[in-house]
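Following: one structure in structure tokens, then a few remarks.
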Amino acid sequence: MQYRAYRPYLSGVFFAFQLLKGEYNPLPTCESKELEYKIARWICLGNDLISAVKELQSNDCHNEVILMALHSGANLLTVKNYLESEQERLGREINRLSLELSTQAPACHQWLE
């Protein structure tokens with residue numbers, strides 16, 4: 001789904017990462033792009049899960065829950081439950097990857113936190 005691919009870039013999450021990188025100045029060797037993408041996905045998905053009903057009521061279809069329901073033919077609750085499970089899985093992946101990166105590159109610990 002194109003919405004899913006572009007959502008993190010349009011949300012401002014990556015811009016926030018750039019601002020934080022200026023403050024925390026991670027080392028160039030901190031390879032955290034995969035982690036950053038997963039965190040951005042987690043944030044955007046959480047926003048869409050929380051705002052789905054409000055956006056549906058205002059006829060705003062810029063929401064993954066709504067778009068997935070429309071394209072799959074499934075009801076909103078089914079899609080919401082599925083995406084909540086995906087967000088939980090992403091949370092576990094973020095924790096695992098963060099611990100892994102902290103172990104591999106202790107100098108990156110402050111940025112990863």
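The values are calculated or read from the model by the stated rules, or taken from the named source; none is laboratory data. Given the structure is predicted, the values throughout are model-derived calculations rather than measurements. Please note: Cβ atoms are built from the backbone with ideal geometry, for glycine as well, and neighbour counts cover all protein chains shown. Just the protein is used for accessible areas: all its heavy atoms, side chains included, with ligands, DNA and RNA removed. Shrake-Rupley method; radii C 1.70, N 1.55, O 1.52, S 1.80 Å.
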Exception for Leu112 within (1) over 18 Å from the mean Cα position of the chain (by Cα); (2) more than 21 Å from Arg4 (Cβ to Cβ) falls at (1)
Only one of (1) modelled with pLDDT of 90 or more; (2) in contact with a Pro (Cβ under 8 Å, 6 or more places away or on another chain) does not apply to Ile66, and that is (2)
Of those in region 1-52 that are of a type in the set (S, T, N, Q) and surrounded by 12 or more Cβ atoms within 10 Å (Cβ to Cβ), the residue farthest from Ile94 (Cα to Cα) is Ser51
Condition check for Ile66: β-branched (Val, Ile, Thr), in a helix (DSSP H, G or I) and open to solvent by 80 Å² or more (accessible area, probe 1.4 Å): no
Yes or no: region 77-92 includes at least one residue that is under 19 Å from Trp111 (Cα atoms) and open to solvent by less than 40 Å² (accessible area, probe 1.4 Å). yes
Quick one: Ala74 ticks every box in (1) out of contact with any Phe, Trp or Tyr (no Cβ under 7 Å at 6 or more places or on another chain); (2) closer than 18 Å to Met1 by Cβ; (3) part of a helix (DSSP H, G or I); (4) modelled with pLDDT of 95 or more bar one, so which box is it? (3)
